[in-house]
Amino acid sequence: SGKSGYVKQSSLATARSREAQNVWTLGAQYTTGPFTVGLGYLNAQDAGSLTTTGKLKTELYTIGARYVVAPGLSVGPEFDHFKIRSDVAGSNDKGNVFLARTDLAF
């Protein structure tokens, strides 16, 4: 905090700080021939909003695959599930995201 684009304090709420943050991620993938599959997990915690009390915790689970059609061209699906929890009642959220992706490198 304060060293990577986050401000240490906001002029809106000088008593709140963004210093209590941490993020970690874990992932693995396996490739065989033109196929790659992967799994990932992300866990992040911060002090919450600068204007509202309460800590915020985010978890992200992801699974995806890729198929190399030709050199420089790949396609594949990705599925993500996220959970956002807050100390403040009514501020929780969760959802799913599905992506169909194409990569073209030349």
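The values are calculated or read from the model by the stated rules, or taken from the named source; none is laboratory data. Note that the coordinates shown come from a computational prediction; the quantities given were computed from them, not determined experimentally. Neighbour counts run over all protein chains shown; Cβ positions are idealised from the backbone, glycine included. The area values use the complete protein model at the heavy-atom level, side chains included, leaving out ligands, DNA and RNA. Shrake-Rupley method; radii C 1.70, N 1.55, O 1.52, S 1.80 Å.
With R₀ set to 25 Å, the beta-carbon distance separating residue 106 from residue 37 gives a calculated FRET efficiency near 0.50. Note on residue 91 and residue 23: the model spin-label points, each 7 Å out from Cα along the C-beta direction, lie 1.9 nm apart.
Probing with 1.4 Å while keeping every protein chain in the model, the per residue accessible area of the stretch 22-104 equals 68 Å².
Using a 1.4 angstrom probe on heavy atoms only, work out the carbon and sulfur share of the accessible area of the stretch 22-104 in %. So the carbon and sulfur contribution to the accessible surface is 62 percent.
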